[in-house]
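Each remark here refers to the structure printed beneath this line.
All of the numbers you see were taken from the coordinates with simple rules; none came from a lab. Computed from a predicted structure; not experimentally measured. Virtual Cβ from ideal backbone geometry, glycine too; neighbours counted across all protein chains shown.
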């Protein structure tokens, strides 16, 4: 099992499950639980965004849905199972993220208008429904999940999560003189390595490229390395920036794995 990768996936308790749930979701969960560190949850707060007028349906469906999970092969010994509303930190993080998320970001999510068209019989002109993707972002970020299996209609929600996390870190994740200290550290790398570092940083900031982040972290060690070794690391960084190798860093230890 790959315990370094965490899977997060949830299901809304809005009625009885059917074969579509089994073939579309549960079969995938059954396989994933033996391969990764999995967190599967009952998304009852998500269900409330569309069924707030029929909340009894949610309450009646929660445990029936969990029983169906167990009957299909989802194993609480292999995966973490929980009910979203029983973990109040989901709501707390959602509230904090809502303070910094531009309204336009949520309004541009494709599923917002699509679902309103499909569910015209329901009044979805609420913040709860508009903020549905942001609640999903809180779900993902609170567990630091790096694998989030979603349907095609929710891919944009995962992209929103990346943008929200970057914005939050930009606002609160830096010391007051961070920019000046970072620029000074980059200049100490030398002109060639500094150029490579900025290129890698831009790839990560614009595209969320994890390999670019790992390569940039490696290059940041260059200035503290013994003479001669820094040149080798610089050359390795060039290979990384060209996608020829992957690096894995752990404090001051690093190694390369060519692909």
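Based on the Cα coordinates of the range 2-171, what is the per residue volume of their convex hull in Å³?
Looking at the range 2-171, the number lands at 116 Å³ per residue.
Taking the Cα centre of each part, how many Å lie between the range 102-148 and the range 24-50?
Using only Cα atoms to place each centre, the spacing works out to 17 Å.
Fewest Cβ neighbours within 10 Å first, please rank 7, 100 accordingly.
100, 7
Using the count of nearby Cβ atoms within 10 Å as a rough guide to exposure, how do 211, 121 rank from fewest to most?
121, 211
Please compute the contact order of the range 9-78 in relative form: average sequence separation of alpha-carbon pairs under 8 Å and at least six residues apart, divided by the residue count, as a percent.
Averaging sequence separation for qualifying contacts and normalising by length gives 50 percent for the range 9-78.
Suppose we keep just the alpha-carbon trace of the range 27-77; what are its Rg and Dmax in angstrom?
Spelled out, the Cα radius of gyration and Dmax of the range 27-77 are 12.9, 39 Å.
Taking a quarter of the surface of the convex hull around the Cα atoms of the range 71-221, what do you get in nm²?
12.9
Please report the relative contact order for the range 48-151, taking Cα pairs under 8 Å with a sequence separation of at least 6, and give it as a percent rounded to a whole number.
Relative CO of the range 48-151 lands at 37 percent.
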